[in-house]
Amino acid sequence: MTQINTYQPPFPWFGGKYPVADRVWAAIGDVSNYVEPFCGTCAVLLLRPGGAGRFETVNDADGLLANFWRAMKHDPDTVAKYADEQVNECELHAKHLWLIGEKPRIAELLMGDADFFDAKAAGWWVWGQCCWIGSGWCSGKGPWQSVDGKMVLGNRGQGVYRKRPHLSRSQGVNRQLPHLGRNQGVNRQFPHLGDRGKVPTGNGECARRLAWLRSYLQEFTDRLRSVRVCCGDWSRVCGQSVTFLNGTTGVFLDPPYADTANRTKGLYANDCEQVAHAAREWAIDQGHNPLMRIVLADYGESEMPSEWTRHNWEAMGGYGLAGNGLGRENRKRETLWMSPHCLESSNTDGLFSSPASAPVRVDRAQTS
């Protein structure tokens, strides 16, 4: 069994739920089957107490994100090879354009072939995700396009955005992941890797950087060994055959926040302001099933039946909240809803030593 005791996502991601993973698992418990239809950084999965369960399935509609996790599962060394780059603005734009062009092909193959992955695309994607500032990476909604091998300004919504790379304390994935503090990053603070992110300098530095990166990514690979990584609509992994027909099932729903949440549009490469409503309806419908333990994350916009338990928590902030009184207040709107057959909230004590609001980070993986 492989267990990641503490967790630091390999890329910045808006709305990551690692600060409240303990709350989610306290509600779900040690179920035989776990499903995460909107996986993002896979934080809740990777912070499961005791390591992997019997059946685990993650999914995301973003083909480049799903491809990253599938490639990480099967070929982390090649992912590391393509992610092993310093920050370079020209390369950032060139790889961005390439990824946008390849995105439809990758998503189609991911959906049609359970064994398909593109390690090159995964490495370039995670490198760019760490170099990029704010939202828009690989969304395909920008005005810049590749025409005859040149980057030209075209029609908005058919290409990429053109931004300078993240230059604050960042040298790509292979040296130290970007610190998204004040005035730089996405809508939350992204903790340092600390000593783990430091690579010695001098002779052989390139080889040591790559060795460190391979070791770091291998921790995720070990944990993902038996996880089924799917790509497509969230509802495809919420049917009976994937959920309660496999026994007591925990489902963590973390859809893009709805239009009623009064949030910024375009925060995700595959953004949809309506999917949260459909996820909520499914959760309410399935919540009465004694074999289903469902936790739904939202931004305080939902009203759930009285038998559901509500847990409010405060996000740590970040770029979108800095210097903004309303933003600092909004981060308190984060909510978890627990379905009627979830375990009692008193079971939270003892699962984790850190409070739900505290950041956690990957230190090492244990294998037994």
* So, in region 282-308, of the ones that are open to solvent by 70 Å² or more (accessible area, probe 1.4 Å) and either touching a His at 6+ places or on another chain (Cβ under 7 Å) or hydroxyl-bearing (Ser, Thr, Tyr) (or both), which residue ends up modelled with the lowest pLDDT? -> SER306
* To do: Taking VAL20 as the residue in question, decide whether it is outside any loop (DSSP other than H, G, I, E, B), under 21 Å from TRP282 (Cα atoms) and of a type outside the set (Gly, Ala, Ser).
  => no
* Could you grab me the full set of residues in region 216-245 that are of a type in the set (Val, Ile, Thr) and within 30 Å of GLN274 (Cβ to Cβ)? => VAL227, VAL229, VAL237, VAL242, THR243
* **Residues being part of a helix (DSSP H, G or I) and modelled with pLDDT under 90 - total across region 66-94** => 6
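Considering every residue within region 342-354, establish whether at least one is closer than 25 Å to PRO256 by Cβ and modelled with pLDDT of 50 or more.
yes
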* Asked: Among the candidates ASP60, ASP75, which residue alone is within 14 Å of the chain's Cα centre (by Cα) and closer than 17 Å to PHE116 by Cβ?
  -> ASP60
* Asked: Filtering region 71-82 down to residues that are out of contact with any Ser or Thr (no Cβ under 7 Å at 6 or more places or on another chain) and open to solvent by less than 10 Å² (accessible area, probe 1.4 Å), which residue is nearest to ASP222 (Cα to Cα)?
  -> ALA71
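The values are calculated or read from the model by the stated rules, or taken from the named source; none is laboratory data. This structure is a prediction, so every number in the text was calculated from the model and none was measured. Every residue, glycine as well, gets a Cβ built from its backbone with ideal geometry; the counts of neighbours run over all protein chains shown. Remember, those area values only see protein heavy atoms, side chains included, never the ligands or the DNA or RNA. Shrake-Rupley method; radii C 1.70, N 1.55, O 1.52, S 1.80 Å.
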